[in-house]
Amino acid sequence: MEIPLTADIIELEQTYVAQTYKRAPFVLSHGEGVHLIDADGKVYLDWVAGIAVNALGYGDAELTHAIQRAAAGLIHVSNLYHTAPQARLAQMLVETSFADRVFFCNSGAEANEGAIKFARKVQYEKGLVDKTQIVCFTGAFHGRTIGAVALTPREKYQKPFQPLMPDVIVADFNDLDSARAVIGARTAAVILEPIQGEGGIHAATPEFLRGLRALCDQHGAVLIFDEVQCGMGRTGTLWAHEPSGVTPDILTAAKPLAGGLPIGAILMTEAVASAMHLGEHGSTFAGGPLVTSAAQVVLRRVSQPAFLAHVREVGAYLIERLAEISSPLIKEVRGRGLMVGLELTVDVTPVIEAGYQQGLILVNAGPNVIRFVPPLIVQKLHVDELVTRLTTILSTLPEAAHA
Ligand SMILES: *Cc1c(COP(=O)(O)O)cnc(C)c1O
C-alpha cells in the first residue's frame, strides 16, 4: 500500500472538509501504547489521548480483540432488540456507581441533552410544568448541540447560534452564594463538571458540591454531574465526585467509556429513571453491541483498584515534576490524577506548536492552560520525558512567542 504524502492529505482536508477545526500540521497513521506515529514516521509522546478518550492507549490487545470479535458478530441492531453487551455494560456501570439505571447514547453532548430531558421529565411528572430552568456555571463546557451549548457560557460558542435553549441561568463556579441566589422553585436541574476540563482544569470544592446537593434537595431540583471528561478513572477514582462524598441524581459519561469508539451514557437514580416511560427518549445507534463490548473491556480494566492506584501515583508524580520546572512563565500547576493543567502567564499556542517539533502531543484548555489528559497507562518515565522536553520549550519560548 502506498503511503499518502502528508501535504496531499492536508490539501484534501482543506479542500473537502468543512473548516471548523484548527488541526496540527501532520497526518497521524498509527499508535502504540502512549505513542502516536505520523505518516512521515515521526513518533510523538501523547499527552492528549484524543481529548481524554484513549484511556488504554493505542493498540491495546484486549480491546482490539474484543472489538474484532464483536464486529464479526453484530455491529448494530438498534434498540428494538435486546443484545447481551448492552445489558451487561449497564449492569457494570450500575454496580460501579451511585446509579440504579443507565440510558445509552453516542456522545458527551448527547448525554447532557438526555440529562436535561430526564430532569425536566422528573418535574413534569410531578405536575410542575413551570419548573424547567437549568442552572449551569461560569467556565463550564457541556457540548456543542443547541441544548448543551446553552449550558456552555462562552460567547464564541453561543452568540452566532441564537436562539439557544431558553430558561438557562449561569451562576459563578465554586461560589455557593451565587448558586443560592438563582436556585429556587423554578429550578429543574443544576449541572456542573466536578472538575472543569475545557474551562481550564478547575475542581469544584467539596463544600461547593455539598452545598449544591443541599440546595437541590431543598428545592426539588435534579443534580447533574457531567463526568464526560473527568470520569472513568481519569482523576484516580472511577468517578471524580467520589472523594467529595456527594452523589448526583444524574451523571453523564462519554469520552473514554468505549476506548475511542463513540458512546455516551446517562447514569441515574431510580427516582429519575421512573419519570421516563416507553418511547419518551431514544437513539438509533445508542448502546450497540460493538461499542458496548468495547466499553466493557475499558470499564473492567479502569475500575480495577491497581489501575486507579497507578493513575493516582503517576498523576501525583506529573504534578510534582511540573511544579519543579523553573520558569517565569509558569503561574500554576493544578489538577487531580491524570487530569492536570499547567497555567502560563502567556498564550500557550507557541508551546503546543513547539511540542509538535519536539515530538510531544499537547492541547490547551483555554488560552493560558496546557492540559495533560494522557492515556491512563502512561508511566513515570514518560513524565520525565515530557518534563525534559517541556523545560527546553519553555526556556526558548520568548523567541518562539516573537517569531
Ligand atoms: C467533551 C465534553 C463534552 C462533549 O462531549 P462530545 O462527545 O464532544 O459531545 C461534554 N462535557 C464535557 C465535560 C466534556 O469535556
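The values are calculated or read from the model by the stated rules, or taken from the named source; none is laboratory data. For clarity, every value in this text was computed on a predicted model and none was experimentally measured. Note: ideal-geometry Cβ built from the backbone for every residue, glycine included; neighbour counts use all protein chains shown. SASA here: full protein model, heavy atoms, side chains in, ligands and nucleic acids out. Shrake-Rupley method; radii C 1.70, N 1.55, O 1.52, S 1.80 Å.
Taking (1) free of Cβ contacts under 8 Å to residues at least 12 places away in the same chain; (2) surrounded by fewer than 15 Cβ atoms within 10 Å (Cβ to Cβ) in turn, Ala84 satisfies each apart from (1). Would you mind finding the one in Thr269, Thr252 that is in contact with a His (Cβ under 9 Å, 6 or more places away or on another chain), more than 20 Å from Arg312 (Cβ to Cβ), polar (S, T, N, Q) and at pLDDT 95 or above? Answer to the selection: Thr252.
Looking at Arg321, is it open to solvent by 70 Å² or more (accessible area, probe 1.4 Å) and under 18 Å from Pro375 (Cβ atoms)? It is false that Arg321 is open to solvent by 70 Å² or more (accessible area, probe 1.4 Å) and under 18 Å from Pro375 (Cβ atoms). Reported count of residues in region 318-356, each being of a type in the set (Phe, Trp, Tyr) and either within 22 Å of the chain's Cα centre (by Cα) or at pLDDT below 95 (or both), is 0. Only strands (runs of 3 or more DSSP E) whose full extent lies in region 295-399 are considered here, and the ones with at least 1 residues that are of a type in the set (Phe, Trp, Tyr) are 369-372. Gly233 passes every criterion in (1) away from the ligand (no atom under 14 Å from the Cβ); (2) touching a residue at least 40 places away in the same chain (Cβ under 8 Å); (3) closer than 21 Å to Met268 by Cβ; (4) open to solvent by 10 Å² or more (accessible area, probe 1.4 Å) apart from (4).
I'm trying to understand the selection: among the residues of region 104-123, which are more than 9 Å from the ligand (Cβ to nearest atom) and more than 16 Å from Ala150 (Cβ to Cβ)? Within region 104-123, Phe104, Cys105, Phe118, Lys121, Val122, Gln123 qualify.
For region 177-191, which positions are over 16 Å from Lys121 (Cα atoms) and either within 24 Å of the chain's Cα centre (by Cα) or in contact (Cβ under 8 Å) with a residue 40 or more places away in the chain (or both)? Within region 177-191, Ala179, Val182, Ile183 qualify. The condition (being assigned by TED's automatic domain parsing to the domain that holds Met232, crowded, with 17+ Cβ neighbours inside 10 Å and of a type outside the set (S, T, N, Q)) is satisfied by just one residue among Gly341, Gly287, Gly315, Gly335: Gly287. Contact annotation: residue pairs with Cβ atoms under 6 Å, 6 or more positions apart or on different chains, pairing a residue in region 252-265 that is assigned by TED's automatic domain parsing to the domain that holds Ala119 with a partner that is near the ligand (Cβ under 10 Å from one of its atoms) and of a type in the set (D, E, K, R), are Thr252/Asp226; Ala253/Glu227; Gly264/Glu110. Considering region 249-290, and only residues there that are assigned to a loop (DSSP other than H, G, I, E, B), among the hydrophobic types (A, V, I, L, M, F, W, C) and under 23 Å from the mean Cα position of the chain (by Cα), the residue that is farthest from Ser303 (Cα to Cα) turns out to be Phe285.
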